[in-house]
Amino acid sequence: MTAPQAIVVGGGLAGIAAAVAVAKAGLDTLHLAPKGPPDRRTSALMMPSVEYLQSAGLVTEPAAIGQPLTQIRIIDATSRLVRAPETLFDSREAGLAAFAWNFPNIKLLESFEAARTGLSNLRTLELSVSGLERVADAWRLDLSDGSSVTAPFVVGSDGKKSMVRVAAGFRARENGFTEAALVCDLELGRPLGGASVEFHYPRGPFTLVPAGGTRANLVWIDDRDVLKAAQAEGPDGLRRIFSDKSQHLFGDIKLLTPAHMFLLSTLSVDEAGHDGIVLAGEAAHAFPPIGAQGLNLGLRDVADLSAVLAGTNLGAPRWAVKASEDYSHRRAADLGRTGVMVDTLFRSLLSELLPAQAMRAGGLWALKLSPQLRKQAFSVGMGVR
Ligand SMILES: Cc1cc2nc3c(=O)[nH]c(=O)nc-3n(C[C@H](O)[C@H](O)[C@H](O)COP(=O)(O)OP(=O)(O)OC[C@H]3O[C@@H](n4cnc5c(N)ncnc54)[C@H](O)[C@@H]3O)c2cc1C
């Protein structure tokens, strides 16, 4: 195998997007993407992310694979003393046709893979990395077939448990939650239109996201044991629970797919790059799926990686080290800001403390009453920089 200039590790959405970006920046690229189980999640991607996907050639026509989200409806379903008002955000208020698009991850993956196949300087191997070591000015990666490969620049996009992050000595902070997320596809008796509807319960939201027609994607966050008990009830029990949780607003509910559970945690790193190695996607940051930040942030990693490589002189000595430092610098503020925002939102929903309830209710009242505040909230949530 001839030595590539860059190796991208990980075949998830962040990994494929990164491999395409690195190759499009002109580097001879090797993508290590072992086949995994199908990704049953869906991703609400904010407009800046969708625009990036289109400009990078990763998605040609959003309407062919996804649904636009034009409204966000928040219903306080707690029985707390100080309850928040029902709040409706409408994209037209922000002067937008939609806030976001909701895509099945399987469809995104197909679309990203189609973009990858056309690039002659990008090779893909379905191999995983078992070891990584700094050798002179490059990184040597040991592969699952017993071979090894060396490159000056490496992108670790190998997910939350990233071996690249650990082996390259990045310090990470992780917090596990006792809550988990249950996801499945539903058929509703009444359509959601373009509205994502969030019922906020004390342990987390029960969210229905439009998936076209009368279909919806459910993301239900609750205590792990509560979700396990619900799963054990089987399809009929789940239908009953889902109807109760959605306050019987959407008529008869049918399950279109089995319910899958995802454990939740937060993860952040002090720096996203050093010594010619960078982290992208959940290798660098993980959040509970609240405020739809995870993949949006992963795509912002990739967009910044693309910009850094476009400005890198590949003929200069130590170009890979410089590119990794530039990337780390560029990502620092965004990673810090988004981490604080999502963590605060999550904790305020879980908290049983009256001051937090009052603040949250007060915050939603302020958003309900002030169009200007709502506009600012849109900008923060959509990652407008
Ligand atoms: C329930 C739920 C709902 C979500 N909803 C949203 C949403 O609406 N909007 C949003 O923006 N985000 C959302 N997210 C977050 C989003 O799904 C993730 O941020 C995103 O999928 C992570 O992609 P990734 O490529 O970084 O990681 P992964 O998808 O975990 O991919 C990592 C890849 O690395 C590979 N790998 C691992 N180890 C190795 C190795 N040693 N060698 C080679 N390869 C390796 C794996 O096989 C895998 O292919 C949600 C998450 C959950 C749990």
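The values are calculated or read from the model by the stated rules, or taken from the named source; none is laboratory data. What you see is a predicted model, and the numbers here were worked out from it, not measured in a lab. Here Cβ is always computed from backbone atoms with ideal geometry, including for glycine, and neighbour counts include all displayed protein chains. Note: areas computed on protein heavy atoms with side chains; ligands, DNA, RNA excluded. Shrake-Rupley method; radii C 1.70, N 1.55, O 1.52, S 1.80 Å.
Test T60 against the criterion of being in contact with a His (Cβ under 7 Å, 6 or more places away or on another chain), in a loop (DSSP other than H, G, I, E, B) and away from the ligand (no atom under 12 Å from the Cβ), and give yes or no. Here the answer is no, as T60 does not meet what is asked. The condition (being touching a Phe, Trp or Tyr at 6+ places or on another chain (Cβ under 9 Å) and within 13 Å of the ligand (Cβ to nearest atom)) is satisfied by just one residue among G204, G131, G159, G189: G204.
Every condition in (1) near the ligand (Cβ under 7 Å from one of its atoms); (2) open to solvent by less than 20 Å² (accessible area, probe 1.4 Å); (3) not in a strand (DSSP E or B) holds for P4 except the one numbered (1).
Matching residues to (1) open to solvent by less than 60 Å² (accessible area, probe 1.4 Å); (2) assigned to a helix (DSSP H, G or I); (3) at pLDDT 95 or above:
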{"site": "P85", "(1), (2), (3)": "yes, no, no"}
{"site": "F89", "(1), (2), (3)": "yes, no, no"}
{"site": "A97", "(1), (2), (3)": "no, no, no"}
{"site": "K107", "(1), (2), (3)": "no, yes, yes"}
{"site": "T124", "(1), (2), (3)": "yes, no, yes"}
{"site": "S130", "(1), (2), (3)": "no, no, yes"}
{"site": "E133", "(1), (2), (3)": "no, no, yes"}
{"site": "R140", "(1), (2), (3)": "no, no, yes"}
{"site": "D145", "(1), (2), (3)": "no, no, yes"}
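Among the residues of segment 8-43, those identified as within 10 Å of the ligand (Cβ to nearest atom) and either part of a loop (DSSP other than H, G, I, E, B) or out of contact with any helix residue (DSSP H, G or I) (no Cβ under 8 Å at 6 or more places or on another chain) (or both) are G10, G11, G12, L32, A33, P34, K35, G36, P37, D39, R40, R41.
Just one of the listed residues (E93, E113) is more than 14 Å from the ligand (Cβ to nearest atom), in a helix (DSSP H, G or I) and either free of Cβ contacts under 8 Å to residues at least 40 places away in the same chain or open to solvent by 30 Å² or more (accessible area, probe 1.4 Å) (or both), and it is E93. Summed over segment 169-226, the residues that are in a strand (DSSP E or B), within 30 Å of D275 (Cβ to Cβ) and small (G, A, S) give a count of 2.
For segment 320-342, a tally of residues being among the polar types (S, T, N, Q) and at pLDDT below 95 returns 1.
Here segment 284-334 is the region considered, the condition is being among the basic types (K, R) and out of contact with any Gly (no Cβ under 7 Å at 6 or more places or on another chain), and the residue that is least open to solvent (accessible area, probe 1.4 Å) is R331.
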